[in-house]
Amino acid sequence: MATYAIGDIQGCFGPFQQLLHLIEFNPGRDTLWLTGDLVNRGPESLDVLRWVFRHSDKVQIVLGNHDLHLLAVAEGFGKVRSDDTLLDILNAGDGKLLLDWLRCQPLMIEQQGYAMVHAGLLPEWTVDRALGLAEEVEDSLSGPRYREFLSRLYGNKPTRWSDELKGIDRLRLVVNAMTRMRLVTREGELDLAFKGELDKAPANLLPWFDAPGRRSAGTPIICGHWSALGLYVTEDILSIDTGCLWGGSLTAIRLEDRQVFSLPCRAELALS
C-alpha cells in the first residue's frame, strides 16, 4: 500500500494517466492525494473530474482556486474567461452530479502525519486552527446557502487575519489564503499580486512558508498552486505543482519514503 500526492492537474488528463502508469498506481491497494485545481486551462477537465469522481473511494482532494471558480461560474456568479476550459463540464449530462460532489470536498485535510492544502496557511494559524477554519468554509459551501456564499466569494480583501473577522470577510480570507496565496509581508499580510519565480519576488515579500513565527511549522504540509516555484521539498514543506499545464512536468511524491516521480509534459494550453 502506498499514498501518492500529485500536484495540480488542471485538466491535463493525458499526463495524469501517464503518471499513474509510471507510479504503477493500483486503486485496489494505493491512495492518491491531489493538491487541488483538478480543472481549467488544460484540454480535458471533464475527463479529470469524471475519473476522480469514479475513484473517489481511493482519492483524497482539496479544493483549489480553479475548482472554486468552476463552482461559482456554474451558479452564475463568475464569468467564463477566454482561457478557461470549463464549458465541457458545464454542458455535460452528468455535470450537476460532478459539481455537487466537488462542492462537498474539503479545503484542507490532515492524515498520516501530513496536512494538505492547495496554496498555504497564514502564519498565525496552527494546523489545528486552520483545519477548523477550513471546516467553516466547507460548511458554507456544502450547506443550503452555498449560492449566497459563492455569490460573495470573489475579492482580494481583507488581507490580514484577525480573530475578530466575521461573516464573508472571514470566509473569503480563509479561501484566499488556502487557495491563492504565495507570498506574505513580514507582518503576515496576504499578497495576491505576485505569481512569478521566487528570486524575482519583491524584497518586502517572502514565501508564506518562510514567514517569521509561522505556527504551522513542524507539520509537513503538501501544497501546489505555485507552478513558478517548481518542486520545493523541505522537512515540512512539499510544494509539488511543477507546471504540467505550461510544459513543465506533473509530479507525484510517495509519502511513505518521499520518493519523487516526475513526468515531462508538453504545453497543454492548446484550446484557446
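The values are calculated or read from the model by the stated rules, or taken from the named source; none is laboratory data. On a predicted model such as this, the values are computed, not experimentally measured, just so you know. As a convention, Cβ positions derive from the backbone with ideal geometry for all residues, glycine included, and neighbour counts pool all protein chains shown. Accessible surface areas use protein heavy atoms only, side chains included; no ligands, DNA or RNA. Shrake-Rupley method; radii C 1.70, N 1.55, O 1.52, S 1.80 Å.
A few points about this structure:
- When the test is whether a residue is closer than 24 Å to Ile109 by Cβ and either open to solvent by 30 Å² or more (accessible area, probe 1.4 Å) or touching a residue at least 40 places away in the same chain (Cβ under 8 Å) (or both), Trp246 does not pass it.
- Every residue from region 128-168 that is touching a Ser or Thr at 6+ places or on another chain (Cβ under 6 Å) and surrounded by fewer than 19 Cβ atoms within 10 Å (Cβ to Cβ): none
- Any chance Leu107 is at pLDDT 95 or above, closer than 18 Å to Arg41 by Cβ and either surrounded by fewer than 19 Cβ atoms within 10 Å (Cβ to Cβ) or not aromatic (Phe, Trp, Tyr) (or both): no
- Within region 87-101, being surrounded by 12 or more Cβ atoms within 10 Å (Cβ to Cβ), small (Gly, Ala, Ser) and farther than 20 Å from Tyr146 by Cα holds for one residue alone: Ala92.
- Under the condition of being small (Gly, Ala, Ser), surrounded by fewer than 17 Cβ atoms within 10 Å (Cβ to Cβ) and under 17 Å from Trp161 (Cα atoms), the residues counted in region 200-220 number 1.
- Helices (runs of 4 or more DSSP H) enclosed by region 40-142 - at least 2 residues per element that are within 25 Å of Leu183 (Cα to Cα) and within 16 Å of the chain's Cα centre (by Cα): 65-74, 127-142
- For region 1-30, filtering for residues that are surrounded by 19 or more Cβ atoms within 10 Å (Cβ to Cβ), part of a strand (DSSP E or B) and either at pLDDT below 95 or of a type in the set (Val, Ile, Thr) (or both) leaves 1.
- The C-beta contact set for region 134-149 (first residue without any contact (Cβ under 8 Å) to a residue 24 or more places away in the chain, second residue open to solvent by less than 40 Å² (accessible area, probe 1.4 Å) and assigned to a helix (DSSP H, G or I), distance under 9 angstrom, 6+ apart or interchain) comprises Gly143/Phe149; Glu148/Ser140; Glu148/Ile168; Phe149/Val137; Phe149/Ser140; Phe149/Leu141; Phe149/Ile168; Phe149/Leu171.
- For region 1-39, a residue qualifies if it is over 15 Å from Ile109 (Cβ atoms), among the polar types (S, T, N, Q) and touching a strand residue (DSSP E or B) at 6+ places or on another chain (Cβ under 9 Å), and exactly one does: Gln18.
- Residue list for region 221-242, restricted to those being open to solvent by 10 Å² or more (accessible area, probe 1.4 Å), of a type outside the set (A, V, I, L, M, F, W, C) and either more than 26 Å from Asp84 (Cβ to Cβ) or not in a loop (DSSP other than H, G, I, E, B) (or both): Tyr232, Thr234, Glu235, Asp236
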